[in-house]
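Worksheet for the structure shown next.
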Amino acid sequence: MIASFTFRHYIFLLVLRSLEGDRTPSSLFHILTGKKTSQTIQDIKWYRLTEYFRMFPYWDKETFQKDIDMLERAGMYREEEERAYLTLKGKKEIERYFHDYKWPRLYNGWKYSHAAGRFWERLALFIQSLSFSLAKRSFLPVFRDFDTQQWVKQHWPRQLSKKKTIAQKLHEELVMLLRELPEQDALLFTCRLSGHNHSGYTLQQAAQHVEQHDMDELYYRFHAVLHYLLEAGSDLPFLGTFCTDLLSQKILTDSARKTQEYLAQGMSLSDIATIRDLKQSTIEDHVVEIASEEAHFPISLYVPEKVQQAIIRAAQNSTTYRLKVLKEKLEDKSVDYFSIRLTLAYFGGTDGQA
Amino acid sequence: MDKLEWYLQKWFGYTSFKDGQRDIMEAVLAGKDVVTVLPTGTGKSLCYQLPALVQPGLTVVVSPLLSLMENQVHELKQAGQKRVAAYNSFLTFQEKHYILNHLQSLKILYISPESLQQSMVMKQLKRHHISLLAVDEAHCISQWGHEFRTDYMKIGSVRKEMGQPPCLALTATATADVQRDIIRRLQLSDPAIFYHSVDRANISLEVIQAGLETEKRACLLQEVSRLPIPGIVYTASRRKTETTARLIESETDLAAAAYHGGMSQEDRNLIQQQFLAGDIDVICCTNAFGMGINKPNVRFVIHVDYPKDLESYVQEIGRAGRDGLESCAILLLGDKDGVIPRSIIEQEFPDSRQVREGISFISTEDSALAAEKKLIEIGGYEEQHARFLVHYWQEWHQESGNRDVLEAAAYINEIVERRTMWKLNKLRKMEEWLWNESMCRREKLLHYFEESTGERPQRCCDVCGLPETLPSPATPDRKRIPFNWEEQLRLLFHQEG
Ligand SMILES: [Zn+2]
């Protein structure tokens, strides 16, 4: 049987190209499925992979294992000492596949995937309700969970004139934004909306309509539209109401948030570890996570400015972000791993800019 | 117009009651315990909804079907009745909290049987006046029913805790022994019993011998193309709903879609919506997961795989012809169909190794909930197996006072064996009915439910002979949505071009 590779396989290889040789296959799995651990968060920051975060949240471990086995047999991927490598053939295959690929206008899993689901639920239910209400007909709601229904209720226009205004304005805003997208993406988004003249399509049905049959890619393209609307719509008067509260939510893990509260009270890391009955290293993970998210994180309290600069220099002159390699490069041998991780997380990426 | 009729019109928009509804409501309003055996689609939910709104206090409706709860709450809300809520394990903690703290403003609370047993829920319910406890799918309480659920067994004691409010037990199908079980376990006193025939004269019954799988597919295609639409096709697995829908889409002009429990809530809602709107002609679903919606004009129900008992069969074909117009129930019978329902029955219970290991795993656990959780999360047990084990382990422990794992396992294994035999027996009754070629199918079905036959309709069954009188279907004139997204969006928002 000839192995057939699809969008998700090539995305896997593409992500692998960035952290080749530095990470295990499961690190890649966690990035693409969006597992929020300190390690994953550091990875996507250091290697600038925030865009790929949570691209395929539904990918299960078993399928993933089968997928990489298949790539390995096809000579595009190999593992050595538990680390993942891209082969020359793999590199060529990525270039071929993505050579004239039309990327969506925007996709940023790290920034938007936590908000995209709720945003879509609100938008789809609100538009459906509005469309049917103006047609004076009853309907089965697309979303019935409490939060979404409650939100729509709170934002529901009571008078007819208000309904008409909102329909007009929301329509205007959506048309304006969607016109900026590739035709197929705009079509994909609109055909999934329900209203008085049309019952929304499931993603499967939309595949037929837009003639795009790779379901992973379709899932990605659909979410890319949502991410784009979240980014471009958050400043608009009508679309903005659907997303502002969702975007302001912090993306820290619950446990890191708790650590953050203790830090704000002025406690030391070891005090927090004692109080929470956790290992010091776990608290350090939290601090690294907080540093990567908070632009105002007081990093100099933890790492002297001179040391920060030395670490950034070492990172810039290195092709890898493996901690051990970086530590060896530093002249000052007393710098610990925590300082390196914290500095890299805070400044993020390859160019040392926050 | 009297008070009941006035409310009927005000809240539900009907001008008159259907057969028997009124008698049931009057018995309920008189505070009597009531058992009703009414086929689905005959407006049985009205029998508690209307009394609930008329009476002071709260009506609690126990239902195991999540989709049914949601649909009923939604329908009531659409009709302007906001004082209703559904409480089940799928809600978030905040949602649960919100409902429990607003009980005084509710008239109807739908609740799943497992939620009803939580002490937090009971504590709040006890503070309010419960005017009626309605138990839907009441046959689940009986070990001799076709869908026994251990969490139903506790409703009797929960009712006692609530202060023994009047109880209305509803079921679509129940043989006499199941009815007796319902009365005993719910501790109903001198209940009024309303029984409606399972016979639906406007549905013709047909079994077609379809041989091997390939012949069956051809036969299915032929039937769906011949019959008036819309219709429902039942299959035994999720996967098969999808392949069947694809088959119909590719080989006929009909629009078909799959519908099953593995799909997201959003997708299921969309498919329901499309089916109601007439965008989909044929829906393919599993017989474990029927539709929670009420579409009156379903013209046919086809079974590609047969259900495990006649009770399920009657319920499933009952989705056809709720508008009273002529409809068909067709079952395609293959040569090797017996395997699937047998394996489904087997999988319903833990095997002897799972029983033994499961019991030793939970033998030191006193809380039922914790034991269940342990089995599911650590032991990897299926939810229904875990629930079953915990229930009978506790029963054993309470009655014998001993914690011997092997003795308990023997006790439970014997129950498993008995229950399996019982189910296989029901399956054999189903098969007897299927393979019978000499006796009128309607008569034989009614026999099973201990009913006598009335007048046979003209289109009765394949044994009596079915005249080809059904009108040939018109090709559906389907409006595809435009490929121009701007046009589509404009229509959606009612904007001028
Ligand atoms: Zn007959």
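The values are calculated or read from the model by the stated rules, or taken from the named source; none is laboratory data. Predicted, not measured: the structure shown is a model, and the values here were computed from it. In this analysis, Cβ positions are derived from the backbone assuming ideal geometry, glycine residues included, and neighbour counts consider all displayed protein chains.
Just the residues that are at pLDDT 85 or above and of a type in the set (Phe, Trp, Tyr), please, taken from segment B:272-300. Correct list: B:PHE275, B:PHE300.
Within segment A:156-173, does at least one residue satisfy the condition of being within 24 Å of the chain's Cα centre (by Cα) and surrounded by 14 or more Cβ atoms within 10 Å (Cβ to Cβ)? No, because not a single residue in segment A:156-173 is within 24 Å of the chain's Cα centre (by Cα) and surrounded by 14 or more Cβ atoms within 10 Å (Cβ to Cβ).
Between B:SER452, B:SER438, the distinction of being part of a loop (DSSP other than H, G, I, E, B) and more than 12 Å from the ligand (Cβ to nearest atom) belongs to B:SER452 only.
Looking across segment A:124-135 at every residue that is at the interface with chain B (Cβ under 9 Å from one of its Cβ atoms) and closer than 13 Å to A:PHE242 by Cα, the one that is surrounded by the most Cβ atoms within 10 Å (Cβ to Cβ) is identified as A:ILE127.
Within segment B:15-45, if we keep just the residues that are at pLDDT 90 or above and surrounded by 19 or more Cβ atoms within 10 Å (Cβ to Cβ), the residue that is nearest to the chain's Cα centre (by Cα) turns out to be B:THR36. Of all the criteria given as (1) modelled with pLDDT under 90; (2) farther than 17 Å from B:GLY321 by Cα; (3) surrounded by 18 or more Cβ atoms within 10 Å (Cβ to Cβ), the one not satisfied by B:GLY211 is (3).
Entry remark, segment A:136-152: residues being at the interface with chain B (Cβ under 7 Å from one of its Cβ atoms) and loosely packed, with under 14 Cβ neighbours inside 10 Å number 1 in total. Only a single criterion out of (1) in a helix (DSSP H, G or I); (2) within 16 Å of B:GLN354 (Cα to Cα); (3) touching a helix residue (DSSP H, G or I) at 6+ places or on another chain (Cβ under 7 Å) is not satisfied by B:LYS373, namely (3).
Out of curiosity, is A:ARG23 surrounded by 19 or more Cβ atoms within 10 Å (Cβ to Cβ) and either modelled with pLDDT under 85 or part of a helix (DSSP H, G or I) (or both)? Considered against the rule, which asks whether it is surrounded by 19 or more Cβ atoms within 10 Å (Cβ to Cβ) and either modelled with pLDDT under 85 or part of a helix (DSSP H, G or I) (or both), A:ARG23 comes out as no. Of the residues making up segment B:137-158, one or more are more than 26 Å from B:GLY31 (Cβ to Cβ), outside any loop (DSSP other than H, G, I, E, B), touching an Asp or Glu at 6+ places or on another chain (Cβ under 6 Å) and modelled with pLDDT under 90. Considering only residues in segment A:153-175 that are charged (D, E, K, R) and assigned to a helix (DSSP H, G or I), the one that is farthest from the other protein chains (Cβ to nearest Cβ) turns out to be A:LYS162. Just give me the residues in segment B:376-405 being within 27 Å of the chain's Cα centre (by Cα), buried (at least 18 other Cβ atoms within 10 Å of the Cβ) and in a helix (DSSP H, G or I), in sequence order. Once the filter is applied, which keeps residues that are within 27 Å of the chain's Cα centre (by Cα), buried (at least 18 other Cβ atoms within 10 Å of the Cβ) and in a helix (DSSP H, G or I), segment B:376-405 yields B:HIS385, B:ALA386, B:ARG387, B:PHE388, B:LEU389, B:VAL390, B:HIS391, B:TYR392.
Of everything listed in (1) touching a residue at least 24 places away in the same chain (Cβ under 8 Å); (2) hydroxyl-bearing (Ser, Thr, Tyr); (3) farther than 30 Å from A:LEU177 by Cα, the single unmet condition for A:THR241 is (3).
In a residue-by-residue description of segment B:75-89, the property of being in contact with a Gly (Cβ under 6 Å, 6 or more places away or on another chain) and either of a type in the set (Asp, Glu) or assigned to a loop (DSSP other than H, G, I, E, B) (or both) applies to no position. In this entry, A:GLU82 passes the filter for residues that are exposed (fewer than 14 other Cβ atoms within 10 Å of the Cβ) and more than 14 Å from every other protein chain (Cβ to nearest Cβ).
Considering segment B:208-308, the qualifying helices (runs of 4 or more DSSP H), each wholly inside and each with 3 or more residues that are of a type in the set (Lys, Arg), run over B:213-226, B:238-251.
Just to verify a result, which residue in segment B:56-79, among those that are surrounded by fewer than 18 Cβ atoms within 10 Å (Cβ to Cβ) and free of Cβ contacts under 8 Å to residues at least 12 places away in the same chain, is farthest from the other protein chains (Cβ to nearest Cβ)? Restricting to residues being surrounded by fewer than 18 Cβ atoms within 10 Å (Cβ to Cβ) and free of Cβ contacts under 8 Å to residues at least 12 places away in the same chain, the top hit is B:LYS77. Here segment A:176-185 is the region considered, the condition is being outside any loop (DSSP other than H, G, I, E, B) and more than 9 Å from chain B (Cβ to nearest Cβ), and the residue that is surrounded by the fewest Cβ atoms within 10 Å (Cβ to Cβ) is A:MET176.
Number of residues in segment A:114-123 that are touching a residue at least 60 places away in the same chain (Cβ under 8 Å) and within 11 Å of another protein chain (Cβ to nearest Cβ) equals 1. Sub-9 Å Cβ pairs linking a first residue in segment A:193-212 that is more than 8 Å from every other protein chain (Cβ to nearest Cβ) and closer than 22 Å to A:VAL175 by Cβ to a second residue that is acidic (Asp, Glu) and part of a helix (DSSP H, G or I), at least 6 apart or interchain, are A:VAL210/A:ASP185, ordered by first then second residue. The set of residues from segment B:315-340 being in a helix (DSSP H, G or I) and out of contact with any Phe, Trp or Tyr (no Cβ under 7 Å at 6 or more places or on another chain) comprises B:GLN315, B:ILE317, B:VAL339, B:ILE340.
So that you can scan it fast, the table gives a plain yes or no per residue for (1) surrounded by fewer than 20 Cβ atoms within 10 Å (Cβ to Cβ); (2) of a type outside the set (A, V, I, L, M); (3) modelled with pLDDT of 85 or more; (4) outside any loop (DSSP other than H, G, I, E, B):
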site: A:SER300; (1), (2), (3), (4): yes, yes, yes, yes
site: A:THR319; (1), (2), (3), (4): yes, yes, no, no
site: A:VAL325; (1), (2), (3), (4): yes, no, no, yes
site: A:LYS333; (1), (2), (3), (4): yes, yes, no, no
site: A:PHE338; (1), (2), (3), (4): yes, yes, yes, yes
site: A:LEU344; (1), (2), (3), (4): no, no, no, yes
site: A:GLY349; (1), (2), (3), (4): yes, yes, no, no
site: A:GLY352; (1), (2), (3), (4): yes, yes, no, no
